[in-house]
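Peer 1: Submitted below is the structure of interest, expressed as C-alpha cells.
Coordinate-derived values only; no laboratory data. Not measured: the values here are computed from a predicted model. When we count neighbours, we look across all protein chains shown, and the Cβ atoms used for this are built from the backbone with ideal geometry, even at glycine.
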C-alpha cells in the first residue's frame, strides 16, 4: 500500500462529493422552482443519476486496464445485465426493509422506493463497480478480516456510514418541530447523503492514519 | 440457600426501586380527593335564611343575581403585566418598553373613564399552571392538581360541583367557543359550542380567528345568558416566540380590539370578565409555580356600577373536604374552624345590630380573610406543591440502584462469586427499618411509610454500594463498568434519551419497534461479521481460500437469516394493531382493536370470529408442537396431561365465550338468561383451569418420562407377519436379519434372567428441556386468561408475541456461545432485546401510556353486574394493560435456557448429511450426546449466579427506563406537556416496572422450583435403586424424536439401525 493509492482514493472520493454538490446546483439552471426540499423526488433522481455516473466513470478509468483480459462483448453484456438485476434487487430489498422498519406500506410508495434507490446508489453501485456482481465477494468484504485493499476498506466505511446516516435520519421524524425536512423520507435521504459524504471524507483519512496498522493479506 | 439468597437479593433490589419510585411519586404527583357533593338552590349554605336571599326573583338561586348575563373571556396565559400600561411607572428607574406592555390599552382607558364600572386585579393561579388544571380550578373553585383521585380515569370530565353545571341547572343558556379542552371537561354542557383543536402549539391564529368568526353573530342573536370565549393565541405565541417578541404585541393588540368590540356591545345587564388562566415565564412556558407563571390578569367591567354590597363567604368546602381527606393537619384544621365560627358569630351579631359598627365589620372582614388564607395554605400543603427534595432523592435512589444492579451483575459473572454477602444488605435494610419505626413510634411522630421505606433502602444500599465499589475500584478501571457492546449501549442510550422528548414519548409506539428492528438487524449483521451466519463454504470461494471462520457454525446461515426476517415481519405485522394516543390528529387507530360485538355485518363478523378461533387453535398447536419436539409431551406427569387435555378445554371455553360475547344481543329472548350466565361462567372457568394448571405445574414441575428396565433395553423387534414363500431376494434380505435379531434378543434375555445381577438401567427422557418446558407451559397458562381480558382480535398479537419471542430466542441462541463448565452469562443484547420487545408488545396489544386509552372493558369480563371500583376490577384492568410486561418478565429466564436448548440442533445437523450415515451406523455413540439444560444442573453455583445476573440485568434495563421517565418528569415539570405526556408516562412506567419485577421474581422462582424438583427426583431415583441393592446407571435423553420411538438405545453396537438423532447419553449420578 502506497501513499499514491490513498491519494487516488481521496481524489476519487472528492469527485463523488463534487457530483453530489453538482446535483444540488446544476438542476436549478434548467428547472424552475427546483429546491431540494420542495422538489425532493426530482433531486433524488438527479443525485442518484449523478453519483452512479461518477462511479461508472471512475470504474472505467481506474479499472479498464485491470479487467481487460476478459473483453468479449457477450461477457460484458451479461455482466452489465447482471449488475442491473443486482441493483434492482437491492432497491427492492431496501424497500422491504424500510417497510419492515415501519414505513407506510401503501401510501408514499414512490417516496419509499426512491429512498431505496438513493441508498442503493450510495451502497450497491460502488459495490457493483468495485466487486462486480459477485455476491460472495460482497459478503467477504463485509465480514471481519475480509477486506483485501484500501478500496474495499473505503467501500466498507462508506457503505456502513451511509446506512448509519439513513438510520439516524429517521430520528427527527416524530419530533414536533414542524419543519419541512421532517417529512418522510426527506430526513432519511438527507441522512443517507450526509452519511455517504461523511464516509467519503472519513475513509481516506482513516486509512491514512491507520496505514501502518493495515495489512491486506492478498494485496 | 443459594437460591433463597438470589431470590431475596432480587426482591431487595426490587424493594429499592419501589422505595425510589414511591419517594419520587410522593414529591411529584399532586393528588387530592374529589368531592361529588353538588349544591342545589333548595339547600341554603348555612343555617337560617340568607339576609341577601333571592326574594322570589325568577332564575335566582341563593341570592338575587346582580347581572342577568355574563361574558367571560379567557385569554390563555394572559399575564398580569400584559395588562399594564406601556411605560412602567416605577419611580427612579428608566422607563422600559417591552413588546407586550401597553397593548391592552382599552383596560386603561376604561379604568380612567369609568373607575366605578371596572376593576383590574392580579389573580394568583395555583400550580400546576396548565390549561386544563386551571380551567378546572376556575370552574370548580378549588385548587388544581394532576390526579383527582376518586372519579373515573376514562375521561377528563369534571365530576365536582362547578359553575357551568350550576348555570345550566338554573336554566341559563351557556354558549362556548374556543379551546377544545372545555369539551373534554364539560361534555354536552353547552347549549351551543364551537370547539377548536388546541393541539398545534405553533398555530397562533386558527382558534382565535375561529372564535372571531362566530363571536358577533352569536352575540347579536341574543340566544345566550352566559357567553364564554377561550382564546389560545397569546399562549401559543408565548410557546412559539416567547413574550418578548413583536408577534406577542400583535396578538395582544388583536385581543385588545376584541375586548373593545365586546365593551361596545355590552348591555346594561351584562358583566364582562376578562381573565388569564395563568401566566408565562420569560421563555413563554408555564406549568410550574414561579411568580411569572402564577400571576394572571383579571378584569371586570359592566356598564352598571360594580359591587354595591359585600359578597358573602362560606366555609362549606373545608368542612366537606376535611371530612373526606385524612391528610390535613389536625391542629391547623381546628384553628381554622375556631376562627370561622368566631367570624360567623361576629357576622351574625353584626347583622342583628347593624347600626354604627364600622369597626366590627372590619374585624369580620379580617377574620374571614385570615380564614380563607389559612384554608388555602393548608390545602396547598396537602395537594399542590412539588417537593423537590423528595423528587431528587427518589431519582437519586433509582440511579444508585441501577448502578448497584450493574456492579453486582458484573461481579456475578466472575467465577469466585459468593452468595452469602448478598443477604447482608437485606438484613441491614430490615434492621434499619425496624430501628426507624421504633424511634418514630417512641417519639410519637406520625409514621410516613414512604419516608420510612426510603430510609431503610438508603441505609441498606449505601454500605452495599460502598463495598461493591471498593471491591470493584481496586481491581479494574472505570471503563469496564459498562461491559455491553457499544451498539447496544447506544440503543439503550437512545431509549433513555427518548423519554425526555414529548414527541418521542407520544411516538414510542413506533420508536420501540424501530429500536427493536435495529437491534435484530444488528444481531444478524454481527453474526455475519463474526463469520457465524453463513457457512464458510459460501465465503471461501475459489479465489478467497484464506478465510477461516472464528468458531464452529452451529447454525445454518440461512436459518438465522430466516429467523431474522420472520422476526421483522412479526414485529411489523403486530405494529398494525396500534392505538393512537388522543393527542395526534393525523393518526387513526387500528379498527381491529374493538371487540367483535361492536361490528355490524354478520358475514365479516363471522369471518373474523373464525380467524380468531383459528389463531387460538394455532397458538395451542404451536405450544404442543414445541413440547412434542422436545419430547415433553410424552411424560405421564399431571402438568403434561393438563397440557394435553386442559389447554384444548381452555381454547374451547375462550372460543365459546367469544361467540357468546360477540353475538349476545342476537340471542333469542328465551336464552337470554342462559347466555348471561354463560358469559359470566365461561371466563371464570377458563381462569380456573389456568390457575389449576399453574398449581399442578408448581406441584409436579418435572415433566420427565422414566422407563426402568432390567438389563439392556430391548432392541426393537418387529416381526412383520410374513406368509408364503419369499418372492425375491429383497424379501429374504429383509426377513433374515429380523429373525436373527429376534433370536439374539431372546437369547440375551434368557442369559440375563439366569444371571439376575445385570445392571439396572433407567431411561429418562426430556431432561434436557425440563426447565424450559416448565417455563413455556407456565407462560401458556398465563397467556390464556390474559388473552381473555383483551378484545378478540388481539389474540393475533398474542400469537405473534409467542412466535416473536420464539424467533428472537433462536436468533439470540445462535450468537451466544455455551461455556461448558464455566460461568454462564446472558449477553446484554439479549436482555435489551427482551425489554424492547416487552415495550413493543405493550403498544401492539392496543395500549398507550395515557389514562383515556386504558381498556376499561377488561373489568367486565366474567363479572355479572357492573361493579364499582373494586380490587378485582383494578386487578383485571391492570392485567390487561400490563400483560406484555408480565409475560416477558416471567419468560425472562428463557434467555438463559434457550442456548442450551438449541444445543441439540447442532450435532444433529452434523450427523445428518447423507454420506455419513454409514459412519453413524458404525460408531454412533462416539458423538457425545447434548446434555442441554443438564449442563446448568451440573454447575449449580454458576446456574444460580447466572439467574441472579440475568435478573439484575433485566432490572437494570427496566430501571433505567423508570429512571429516565422520572428524570424527564422532574426536569421538564414546567413543560407544556408535563401533565399530558410525562406524568402519565411515568405512572405507566412505574406500574409496568412493578409488574415486571414481580413477574421476574416469579419466573426465576419457577426455574428454581423446577431445579429443586429435579434434584429431589434424582435423589428418589438413586435411593430407590440403592434400596434395590443394584448398581444403577441412568440414561437420559434430550430431544424428543427418540421419545416418539419409545426406546433409547443403550448398547448401540447390537443395533443395526442408525441412531435417531439426539437420543441418549449417560448421565453420571452423583448421589
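Peer 1: Could you list log10 I(q)/I(0) for the stretch B:963-1024 at q = 0.18, 0.20, 0.28 Å⁻¹, which the Debye formula gives when each Cα is one point scatterer?
Peer 2: -0.71, -0.77, -1.02
Peer 1: With a Förster radius of 22 Å, plug the Cβ-Cβ distance of residue B:652 and residue B:998 into 1/(1 + (r/R0)^6) and report the FRET value to the nearest 0.05.
Peer 2: Efficiency, from the Cβ-Cβ distance: 0.10.
Peer 1: Shape call for chain A from the C-alpha gyration tensor, a ≥ b ≥ c root eigenvalues: rounded (a/c under 1.5), prolate (a/b greater than b/c) or oblate?
Peer 2: prolate
Peer 1: Now, a different point. Between the stretch B:665-679 and the stretch A:1-58, how many Å separate their Cα centres?
Peer 2: The distance from the Cα centre of the stretch B:665-679 to that of the stretch A:1-58 comes to 72 Å.
Peer 1: Taking the Cα-to-Cβ direction at residue B:611 and at residue A:42 and moving 7 Å from each Cα, how far apart do the two end points lie in nm?
Peer 2: Result: 4.3 nm between the two label points.
Peer 1: How high is the FRET efficiency from residue B:113 to residue B:497, r the C-beta distance, R0 45 Å, rounded to 0.05?
Peer 2: On the way: r = 56 Å, r/R0 = 1.25.
Given R0 = 45 Å and the Cβ-Cβ separation, E is 0.20.
Peer 1: Suppose R0 equals 22 Å. What FRET efficiency, 1/(1 + (r/R0)^6) with r the Cβ-Cβ distance, do residue B:38 and residue B:376 give to the nearest 0.05? If you can, show how the numbers build up before the last one.
Peer 2: On the way: r = 22 Å, r/R0 = 1.02.
The pair residue B:38/residue B:376 has a calculated efficiency of 0.45.
Peer 1: Another question, if that's okay. Please work out whether the stretch B:174-213 counts as rounded, prolate or oblate from its C-alpha gyration tensor, where a ≥ b ≥ c are the square roots of the eigenvalues and a/c under 1.5 means rounded, while otherwise a/b larger than b/c means prolate and anything else oblate?
Peer 2: Details: a/c = 4.18, a/b = 1.54, b/c = 2.71.
The shape class here is oblate.
Peer 1: Roughly how many nanometres apart are two label points built 7 Å out from the Cα toward the Cβ at residue B:332 and residue A:198?
Peer 2: 5.4
Peer 1: Continuing with the same structure: Please give the contour-minus-distance gain from residue B:625 to residue B:437: 0.36 nm per residue of separation, less the Cα-Cα distance, rounded to one decimal in nm. Please list the in-between numbers first.
Peer 2: Details: separation 188, 0.36 × 188 = 67.68 nm, distance 5.47 nm.
Here the answer is 62.2 nm.
Peer 1: I'd like the orientation of helix A:150-169 relative to chain A: the angle between its Cα long axis and the longest Cα principal axis, in ° from 0 to 90, rounded to 10.
Peer 2: Value to nearest ten degrees: 10.
Peer 1: What whole number of Å gives the distance from the Cα centroid of the stretch A:70-121 to the Cα centroid of the stretch B:156-199?
Peer 2: 56
Peer 1: How far, in degrees from 0 to 90, does helix A:40-63 lean away from the longest principal axis of the Cα atoms of chain A, to the nearest 10?
Peer 2: Around 0 degrees separate the two axes.
Peer 1: So, one more: Peptide A:135-143: average number of partner chain Cβ atoms within 10 Å per residue?
Peer 2: Mean shielding by partner chains, rounded to a whole number: 5.
Peer 1: Between 0 and 90 degrees, rounded to the nearest ten: what's the tilt of helix A:3-25 against the longest Cα principal axis of chain A?
Peer 2: 20
Peer 1: Once the piece of chain linking residue B:743 and residue B:684 is laid out straight, how much longer is it, given 0.36 nm per residue of separation minus the C-alpha distance between them?
Peer 2: The residue B:743-residue B:684 span can extend by a further 15.4 nm.
Peer 1: Quick check: Cα centre of the stretch B:267-288 to Cα centre of the stretch B:944-983, how many Å?
Peer 2: When both Cα centres are located, 36 Å separates them.
Peer 1: What ranking, highest mean first, results for peptides A:144-156, A:109-121 when packing means the other Cβ atoms within 10 Å averaged over each residue? Could you put the intermediate results ahead of the total?
Peer 2: On the way: A:144-156: 19.6, A:109-121: 21.7.
Final packing ranking: A:109-121, A:144-156.
Peer 1: Which value in nm describes the separation of the simple spin-label points at residue B:670 and residue B:851, placed 7 Å from the Cα toward the beta carbon?
Peer 2: 4.8
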